[in-house]
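First up is the structure itself, then whatever we jot down about it.
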Amino acid sequence: MSEDKPHQNLAIIGHVDHGKSTLVGRLLFETGSVPEHVIEQHREEAEEKGKGGFEFAYVMDNLAEERERGVTIDIAHQEFDTDKYYFTIVDCPGHRDFVKNMITGASQADNAVLVVAADDGVAPQTREHVFLARTLGINELIIGVNKMDVVDYSEDTFEEVTEEVKQLLKQVRFSDETTFIPISAFEGDNIADRSENTSWYDGPTLLEALNDLAEVEPPTDAPLRLPIQDVYTISGIGTVPVGRVETGTLDVGSNVSFQPSDVGGEVKTIEMHHEEVPQAEPGDNVGFNVRGIGKDDIRRGDVCGPADDPPSVAETFKAQIVVMQHPSVITAGYTPVFHAHTAQVACTVEEINQKIDPASGEVAEENPDFIKSGDAAVVTIRPQKPLSIEPSGEIPELGSFAIRDMGQTIAAGKVLEVNER
Ligand code: GDP
């Protein structure tokens, strides 16, 4: 796999059982990216059973089995490449916290493949994921109309599903220059090779469409922002916060500040993959050591930034949210838990400023009394404990959040403005 190629974070989204995992397996299989030990195991098993060679189905069974046992291969974080790009699959489709992860972005996806089963069409999670993709600023969507084998590769069915998805994209104002591809993740139609079963289709295969995605814009020149995942004490080194650099660079010798804990110092060492490095860049997972910082001075949810341009801490902030699922209505005073980067903080919806029409993006109502599922709104939020968060227009990586209540994600949002403490 060439790391020289430009990188893309890809999300595979869509309703449960529409074929996301199967598609990921198929993409890895077709690009020769299935982990070697899985292939080996299959060769052996297939030979034992007297079935020469090995089939895609076996590989899928194995991936599924390993996933169930929760051991090694997670469908997420798998990598494959096309001629032009190398892709990392972000987030695990079907994972319980998939929606939350998609929002708080363990790693934010640049583009996404939306899987829609031809025999089912647009389903509730198709809608939910498209809403999210739009709210969170996914650049491009490629639509895989999957399970074409189940509908006898019918062009009519493909057109019907395409039309249904186009309506949905229109509702959320997603670009209509979207590529729709009739595929079978299971049989392999139109993934790597053009399928004879869909002679009526003359568009690109899925891998061609992925290869044709626009290059991801280079990261902004935003200052360092490194949300803290955990804080360890390591003998011989001392306190070691760990986390992923979202923006900017972390440099040995620089002065950093942790917010909202409001402590700081000079970076002494940075470690990545068990090696000391002088600098860490966006995407790097690091452990580092800061002069004078003890284990109890900082915590998960803090954000590390330059001492002269420290992370913002919000007294209140204004945000645009989309309510995905709430059993009743949301009114001012509602105080659910907000998940933003690595922080989880109870926040109060202080004011519902405006209800927004998701189709036009225009204000539908000023100061509504309540909002409910399917509504988009601009709201004023007051964190109940200090929270570091940034306007998404300035630092998108630190500007989105999920709102969780009763064990589920009920809304997602982007920060418009921060009123700092
Ligand atoms: P996910 O929940 O979206 O990840 O869906 P899975 O990948 O687990 O697939 C759900 C079911 O649909 C499984 O039984 C798959 O074998 C089946 N499936 C997935 N893709 C196809 C396809 O292209 N054709 C057929 N016939 N079955 C498929």
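Values for this structure:
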item: Hits in the stretch 217-251 (condition: of a type in the set (A, V, I, L, M, F, W, C), within 25 Å of ALA112 (Cβ to Cβ) and touching a Pro at 6+ places or on another chain (Cβ under 7 Å)); result: VAL245
item: The one condition in (1) of a type in the set (A, V, I, L, M); (2) touching a residue at least 12 places away in the same chain (Cβ under 8 Å); (3) in a strand (DSSP E or B) that ALA332 fails to fulfil; result: (3)
item: Scan of the stretch 135-177 for residues that are charged (D, E, K, R), crowded, with 18+ Cβ neighbours inside 10 Å and either within 16 Å of the ligand (Cβ to nearest atom) or not in a loop (DSSP other than H, G, I, E, B) (or both), ordered by number; result: LYS147, ASP149
item: Unmet criterion (only one of (1) assigned by TED's automatic domain parsing to the domain that holds ALA117; (2) surrounded by 12 or more Cβ atoms within 10 Å (Cβ to Cβ)) for SER199; result: (2)
item: Residue within the stretch 354-371 that is under 23 Å from GLY407 (Cα atoms), in a strand (DSSP E or B), touching a strand residue (DSSP E or B) at 6+ places or on another chain (Cβ under 9 Å) and of a type in the set (D, E, K, R) present; result: no
item: Of residues in the stretch 4-20 being outside any loop (DSSP other than H, G, I, E, B) and in contact with a helix residue (DSSP H, G or I) (Cβ under 7 Å, 6 or more places away or on another chain), the one nearest to the ligand (Cβ to nearest atom); result: GLY14
item: In the stretch 380-408, the residues that are in a helix (DSSP H, G or I) and at pLDDT below 90; result: PRO396, GLU397
item: Odd one out for ASP61 among (1) at pLDDT 65 or above; (2) away from the ligand (no atom under 16 Å from the Cβ); (3) exposed (fewer than 15 other Cβ atoms within 10 Å of the Cβ); (4) acidic (Asp, Glu); result: (2)
item: Residue within the stretch 181-202 that is at pLDDT 95 or above, away from the ligand (no atom under 15 Å from the Cβ) and in contact with a Gly (Cβ under 8 Å, 6 or more places away or on another chain) present; result: no
item: Selected residue [at pLDDT 85 or above and within 12 Å of the ligand (Cβ to nearest atom)] from THR126, THR82; result: THR126
item: Any chance VAL277 is surrounded by fewer than 19 Cβ atoms within 10 Å (Cβ to Cβ), within 30 Å of HIS7 (Cα to Cα) and not small (Gly, Ala, Ser); result: yes
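The values are calculated or read from the model by the stated rules, or taken from the named source; none is laboratory data. For clarity, every value in this text was computed on a predicted model and none was experimentally measured. Cβ: placed from backbone, ideal geometry, glycine included. Neighbour counts: every protein chain shown.
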